[in-house]
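Presented below is the structure to which this report refers.
The values are calculated or read from the model by the stated rules, or taken from the named source; none is laboratory data. Computed from a prediction, not measured in an experiment: that's the story for all the values here. All Cβ positions, glycine included, derive from the backbone under ideal geometry; neighbour counts span all protein chains shown. What goes into the accessible areas is simple: the full protein's heavy atoms, side chains included, and nothing from ligands, DNA or RNA. Shrake-Rupley method; radii C 1.70, N 1.55, O 1.52, S 1.80 Å.
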Amino acid sequence: MIRDSATRKISMNTSVAPAIAKRPRKKAGLALWMERVLEECERASLDFSADPVHDLRVALRRCRSVADGLRVMDPDPAWKQMKKAGRQLFRELGELRDVQVMEEWVRHLGDPADPVAITLLQFLAAREAHLKQQAAVALQEFNRKQWRKWIASLPRRAARVRAGSALFKHLALERWAEAHELHGNALRNRSHIAFHSLRIGLKRFRYIVENFLPEQHVAWSDDLKELQDMLGEVHDLDVLWATALQVNAFPDADSRAKWHSRIIEERTRRIDNYRAKMVGKNSLMQVWRAQLPVGRQIESAALSRLKFWASFLDPDFKHSNHVTHLALQLYDGLPNRRAVGVPEPADERSILEVASLMHDVGRCKKEKAHHKLTYKLIKRLTPPLSWSNEKIHLTAVVARYHRGALPRAGQKTLNGISPDQKPIVFRLAGILRLANAFDSQADGHVQCLQVRQQNGFLEIAAQGYSPRDRTAETIAAARHLLETVYDQPIMIKPLRATKK
């Protein structure tokens, strides 16, 4: 393969300066790759030859792909900043790398005396010299001092998420689903745009596996790399043909037809090899899917991802966990408000659970009016697989009304909520508001809630509650929204602990 000829294993740094080559490697994972970026910057700056350029792009790509995966769960802005810091350098090196690969393709496809090959190599040599100058400027502008600061902080944040966990399997399934759709599009129309999009989609799936799923990476890495090389070479051939047309490299129709035939032959062979591995019931695409979450595992992993995200922002996540515990007890005990025979919407309970877990994320920046910031933070979330934008929006609204003003007509927060959804939102918000009041001191003294429907009112017995306690007034005020929803009073009373 053309790409293999310019690809060397990362450990084979035979041309590294002695001071760099002898540096001990005690770190692993993200820390190793971030330090590798600085080392490869030194190597590439010497002459921007093919191998150092490739190795620097690999190191940058690994860091950027880790940031991509962790940004989904860790909202720290440093991930986005780190990714952005390497973007310009990565792009400049990418253009240079494309030209260097095209030079190899020209030598592979044409004879040294071929006028087309001579024209293309002259154009590419001039282009390479220009791109090396641009890469040198981008490398000089790369903020290495800031990069070293991130080396000290970001690997520690990355260590909070366990590699191989269901969180990353869920994320890999998202990337698999995107790649699977692009796979179908590419095989239907076979255009260069479709195959380029497929290459990017498959690459994003590969990065999640490569960085976060070590067991799957051992089993799948060779196939993923081979497929990536195939699609990469299809892209290289498409770019080569477009470049040859752009610079008028063909002196006559015969030479044009000859080169076109060679390029199409090479391109078709790679696409056929791709199809052989990726089409059918026993294809690699299906092998990968079989080891990723299914059914309720998808729902459970999505919940874990949202919970993990909230835990990074909430300064007292133990309190939010306890409020969630109380809110679900209330939800399961309260009578429903649906007509007879109408089943419970499957999303109601999960919306309440996630809204309860996230209700205090706005406290990450301020205490006053934090419920409004909570609403904004949740609404900006990209829905994980099995969730929708609508469900995220409803969750944000429920979390918004866990305190502060009661929901009423005309509020901007309720824009986009249908008349059928408003009673659900008000009920869930009322449950969360009351559950939060039971733990208003964030001490977990109320452990158990029992709900009973009495004649004309609802009775909630709370273990650990006392009408003389300082939280009693807060609870009395918080129950109002739920009383409005049920159109009946709610009585709170103590619940005696049962002796074991």
query = With each label point set 7 Å from Cα along the Cα-Cβ vector, what nm distance links residue 104 and residue 291?
reply = 2.8 nm
ask   = Which trypsin sites (Lys or Arg not before Pro) does segment 140-198 hold that lie in a coil by DSSP with at most 13 other beta carbons within 10 Å?
value = 160, 162, 190
task = Estimate the FRET efficiency between residue 134 and residue 372 by the formula 1/(1 + (r/R0)^6), using the beta-carbon distance for r and 45 Å for R0, to the nearest 0.05.
result = 0.50
key: Among 315, 243, 278 the positive-end extreme of the charge dipole of segment 239-333 (Cβ point charges)   = 278
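When the helices in the chain are scored as -39500 (n - 2.57) per DSSP H run of 4 or longer and the sum is shared across all residues, what 222 nm value do you end up with, to the nearest 500 deg cm²/dmol?
-22000 deg cm²/dmol
Hand me the trypsin sites (Lys or Arg not before Pro) from segment 285-392 located in a DSSP loop with no more than 16 other Cβ atoms within 10 Å, in residue order please. Walk me through the numbers on the way to the answer.
On the way: sites: 289, 296, 305, 307, 318, 337, 338, 349, 363, 365, 366, 368, 372, 376, 379, 380, 391; in loops: 337, 338, 365, 366, 368, 380.
Within segment 285-392, the qualifying trypsin sites (Lys or Arg not before Pro) (loop, at most 16 other Cβ atoms within 10 Å) are 337, 338, 365, 366, 368, 380.
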request  = Starting from the Cα of residue 152, move 7 Å in the Cα-to-Cβ direction to define the label point; list residues of segment 53-78 whose amide nitrogen is under 17 Å from there.
outcome  = 78
inquiry  = I need the calculated FRET efficiency for the pair residue 111 and residue 193, taking r as the beta carbon distance and R₀ as 25 Å, to the nearest 0.05.
reply    = 0.20
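Using only alpha-carbon positions, what ratio does the radius of gyration of segment 55-117 give when scaled by 2.2 N^0.38 Å? Please list the in-between numbers first.
Numbers: Rg = 17.6 Å, N = 63, 2.2 N^0.38 = 10.6 Å.
So segment 55-117 has a normalised radius of gyration of 1.66.
In terms of the ratio Rg/(2.2 N^0.38 Å) built on C-alpha atoms, what value belongs to segment 386-488? Write out the running numbers ahead of the final one.
Working: Rg = 14.9 Å, N = 103, 2.2 N^0.38 = 12.8 Å.
Ratio of Cα Rg to 2.2 N^0.38 Å: 1.17.
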note = Within segment 406-440, the residues whose backbone N lies under 18 Å from a label point placed 7 Å from the Cα of residue 473 along the Cα-to-Cβ direction are 437-440
message = With only alpha-carbon pairs counted, each pair once and no self-pairs, how large is the Kirkwood hydrodynamic radius of segment 358-430 in angstroms?
response = 12.5 Å
remark   = Taking every DSSP bridge whose two residues both lie in the chain, the antiparallel percent to the nearest 5 is 55 percent
request  = Work out the FRET efficiency for residue 226 and residue 420 from their Cβ-Cβ distance, taking R0 = 30 Å, and round it to the nearest 0.05.
outcome  = 0.05
request  = Evaluate the charge dipole of segment 220-268 about its Cα centre and quote only its size in Debye, nearest 20, assuming +1 on the Cβ of each Lys and Arg and -1 on the Cβ of each Asp and Glu.
outcome  = 300 debye
query = If you wrap a convex hull around the Cα atoms of segment 151-248, how much volume per residue is inside, in Å³?
reply = 119 Å³
inquiry  = Per residue of segment 83-93, what does 6.51 cos²θ - 1.76 cosθ + 1.60 with θ = phi - 60° give for ³J(HN,Hα)? Whole Hz please, x for Gly and Pro, Karplus curve as stated.
reply    = 4, 5, 4, x, 5, 5, 4, 4, 5, 4, 5
request  = Once you have the Kirkwood Rh of segment 293-410 from its Cα pairs, apply Stokes-Einstein at 37 °C and 0.692 mPa s and quote D in µm²/s.
outcome  = 220 µm²/s
task = Determine the equivalent ellipsoid of segment 420-460 by diagonalising the alpha-carbon gyration tensor, then write out the semi-axes as square roots of 5 times the eigenvalues, largest first, rounded to whole Å.
result = 22, 17, 7
Stretch gain in nm, segment residue 47-residue 88, where the contour uses 0.36 nm per residue and the Cα spacing is subtracted = 12.9 nm
key: Cα centre as origin, Lys/Arg/Asp/Glu Cβ charges: segment 58-215 dipole, Debye   = 980 debye
query = Which of 138, 88, 67 sits closest to the plus end of the dipole of segment 64-155, meaning its Cα is farthest towards the positive end, when Lys and Arg get +1 and Asp and Glu get -1 on the C-beta?
reply = 67
ask   = For residue 408 and residue 268 in one chain, what is 0.36 nm times their gap in residues minus the Cα-Cα distance, to one decimal in nm?
value = 44.2 nm
inquiry  = If you take every residue apart from residue 482 with its C-beta less than 9 Å away from the C-beta of residue 482, what net charge results, scoring Lys and Arg +1 and Asp and Glu -1?
reply    = +2
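Once Rh is set to the Kirkwood radius over Cα pairs, what Stokes-Einstein translational diffusion coefficient, in µm²/s, holds for segment 215-309 at a temperature of 10 °C and a viscosity of 1.306 mPa s? Intermediate values should be presented prior to the final figure.
On the way: Rh = 16.8 Å.
For these conditions, the coefficient is 95 µm²/s.
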remark   = In whole angstrom, largest first, the equivalent ellipsoid semi-axes that the Cα gyration tensor gives for the chain are 57, 26, 19
query = With charges only on Cβ, +1 for K and R and -1 for D and E, what is the dipole size of the chain about its Cα centre, in debye, rounded to 20?
reply = 1860 debye
ask   = Taking the alpha-carbon set of segment 32-79, what are its Rg and Dmax in Å?
value = 12.6, 39
ask   = With contacts defined as alpha carbon pairs under 8 Å and 6 or more residues apart, what's the relative contact order of the chain in percent?
value = 11 percent
task = Quick one: check the C-alpha center-to-center distance for segment 444-464 versus segment 147-177, whole angstrom.
result = 42 Å
Accessible area of the chain belonging to carbon and sulfur atoms, whole % at 1.4 Å probe = 51 percent
remark   = Taking a crude spin-label model, label points 7 Å out from Cα along the C-beta direction, the residue 95 to residue 254 distance in nm is 3.8 nm
